[in-house]
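Below is one structure, written out as structure tokens; comments come after it.
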Amino acid sequence: MAESTTDRPGDAEGPGSGSPNGAPTGSPDAIGHAITDVTQKVQLLVREEIELAKAEVSVKVARLGRGLAVGAAAGAFVLGALILILHGFAWLAWYLLFPNDEFFWGFFLVAFVLLVVAAIAGFVAYRAVKAGSPPTPQLAIDEAKLIRETVTSPTPEATVTHTEATVTHTEAPR
């Protein structure tokens, strides 16, 4: 009984058939199907990683937008109150320090104090902006690093379990 060539696993049975572990056995059709399958899965993985990055950035931008809107409203009220307070301080400074009816010196004094405070606030703001970073999709970046490490590792199973344990222990509480 001679075995026909079409009875070999992977030839006539379709992609993914063949050896017990599901790997193609070497026929050109089976290898072509495997390459197509891998290509499609890599494309899907890349699309999902891009969607993950978009979702992370959009959540951070939405939070930032809400914070900016509330901060702008609060800033408008503070600005109105500050104008009235500064006007009062200017008149008070004229009343206490310059009794010769030269009231403009009170306004100059308050303006000078404001410029000093603004310089200090500008320096603090510069340092805060310099220390801050733009919103990055950290989860997507970590996932991409994990995928690269898993693909290039000789033992991918050990890489995934080691990285998952590291991620769960290093996440910050919310």
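Taken over the stretch 7-47, residues that are of a type in the set (D, E, K, R) and modelled with pLDDT of 85 or more amount to 4.
When we screen Gly80, Gly71, Gly67 for residues that are at pLDDT 85 or above, exposed (fewer than 12 other Cβ atoms within 10 Å of the Cβ), in a helix (DSSP H, G or I) and not β-branched (Val, Ile, Thr), the only hit is Gly80. Under the condition of being under 26 Å from Leu146 (Cβ atoms) and without any contact (Cβ under 8 Å) to a residue 12 or more places away in the chain, the residues counted in the stretch 56-80 number 3. Checking the stated criteria, Glu143 turns out not to satisfy the condition of being outside any helix (DSSP H, G or I) and either touching a Phe, Trp or Tyr at 6+ places or on another chain (Cβ under 8 Å) or modelled with pLDDT of 80 or more (or both).
The values are calculated or read from the model by the stated rules, or taken from the named source; none is laboratory data. This one's a predicted model, so the numbers in the text were calculated from it and none came from an experiment. With ideal geometry, Cβ positions are generated from the backbone for all residues, glycine too; neighbour counts draw on all protein chains shown.
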